[in-house]
2 protein chains.
Amino acid sequence: MSLNEYPSKLLESAVNEFSSLPGVGRKTAFRLVMNLLKRDSGEVKRFGETIIRLHDEIRYCKVCNNISDTEVCSICTDGTREKAVICVVESIQDVMAIENTRQFKGVYHVLGGIISPIDGIGPSDLKIDSLEDKVKAGEIKEVLLALSTTMEGDTTNFYLFKRLSKYNISLTTLARGVAIGDELEYTDEITLGRAINNRNPYQQC
Amino acid sequence: MSLNEYPSKLLESAVNEFSSLPGVGRKTAFRLVMNLLKRDSGEVKRFGETIIRLHDEIRYCKVCNNISDTEVCSICTDGTREKAVICVVESIQDVMAIENTRQFKGVYHVLGGIISPIDGIGPSDLKIDSLEDKVKAGEIKEVLLALSTTMEGDTTNFYLFKRLSKYNISLTTLARGVAIGDELEYTDEITLGRAINNRNPYQQC
């Protein structure tokens, strides 16, 4: 079924809105809209209002740029977290991924992206100045660069290293190695090579 | 990454709303919400408002129950359509599917579902009375039953046949046969049997 003609303009605009979302085609969008139409009026209204509130009311922590309901996020205000250790990440999703490991006890700094000339994103589009200001203030002992292992991630890592290496802090990065569950046969040679160079004493766990 | 803890309650409710849509899990919902957060405020507001308007303003044609921006839909008001031929369909999607073939010149009657005891849907939940009223009024020559070839569709067809066969109209149904592009080897025996019984004179097309 091609969906070229809609019986209603309003239906068509709703389908347009949903199909603007990533990974949602016109057929899926139409199915989602038809699902909304079958619901109670109150439920649909709440859906729409949540989206509007999302943009009107959502705030970003003024310290680390993480999403927050308050001016400073719950991680930055948590007295048990080590404020001298900053983990630099690309996005809020990465904060959540690291939080879910429960292995990191420091605080975060969300860059809001990575350097990507092809997308027109340069250092000035990211929250790098505010990161340097924190380091410059002298309270920071360690900056952990936790960016993706892509070309853009490596570029950003290198740029941050250049900017921050003049300060008296330890600059660390995530360990590279064979992922848990991976078969050696299918591990790429760069990863495997790094895993050999960075080999650790055997530990029973 | 498990998404158990969200940094913001508002973010969490937005993810909840999106994951209530069919086929959208919590990870996808989170991705969609993050996409909305990256957009202009105006764009997001329009998205939310379209959803609210969708339920407040959408109307159903009072003649055929199709979705419409006006009291009577564009198909029912179209003078070139044959009002004496009614195609009975389950849903608005089916109207669009048939319209896209450009083969049907009559009008529609949308039942709003099919008889399905397992889902608690009986004849009184569907727009069957208004269909019978139209037929009773005596202007109708043909009722084409265009329901799905499922057990529920067949049940509804049979029920409609029982209700409408006492009137002086021709009751027709969609042709059953081998779909275009199907291989005979993989066609089920009921379909193939019907295609043999309903065989047509060969025509060059």
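The values are calculated or read from the model by the stated rules, or taken from the named source; none is laboratory data. Quick caveat, the model's predicted, so the values are computed rather than measured. Here the Cβ is made from the backbone with ideal geometry for all residues, glycine too, and neighbour counts use every protein chain on show. These area figures cover heavy atoms from the full protein model, side chains too; ligands, DNA and RNA do not enter into them. Shrake-Rupley method; radii C 1.70, N 1.55, O 1.52, S 1.80 Å.
Considering each residue of the stretch A:70-81, count those that are surrounded by 15 or more Cβ atoms within 10 Å (Cβ to Cβ) and without any contact (Cβ under 8 Å) to a residue 24 or more places away in the chain, and give that number.
Of the residues in that region, 2 qualify.
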Considering the stretch B:87-104, residues that are in contact with a helix residue (DSSP H, G or I) (Cβ under 7 Å, 6 or more places away or on another chain) and more than 9 Å from chain A (Cβ to nearest Cβ), and then whichever is surrounded by the fewest Cβ atoms within 10 Å (Cβ to Cβ), we arrive at B:Phe104
Looking for something within 21 Å of the chain's Cα centre (by Cα) and either free of Cβ contacts under 8 Å to residues at least 40 places away in the same chain or closer than 19 Å to A:Cys87 by Cβ (or both) - is there at least one such residue anywhere in the stretch A:187-204?
no
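Select from the stretch B:58-69 the residues that are open to solvent by less than 50 Å² (accessible area, probe 1.4 Å) and outside any loop (DSSP other than H, G, I, E, B) and write down the one among them that is farthest from B:Glu12 (Cα to Cα).
Here the answer is B:Ser68.
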Out of the residues in the stretch B:34-57 that are more than 7 Å from chain A (Cβ to nearest Cβ) and open to solvent by less than 70 Å² (accessible area, probe 1.4 Å), state the one that is nearest to A:Arg39 (Cα to Cα).
B:Glu43
Scan the stretch A:82-101 and report the pairs whose first residue is more than 25 Å from A:Ile115 (Cβ to Cβ) and whose second residue is hydroxyl-bearing (Ser, Thr, Tyr), with Cβ atoms within less than 9 Å and a gap of 6+ or a chain change.
A:Asn100/B:Ser2
Applying the selection to the stretch B:1-19, what residues are more than 8 Å from every other protein chain (Cβ to nearest Cβ) and under 19 Å from A:Leu37 (Cβ atoms)?
B:Phe18, B:Ser19
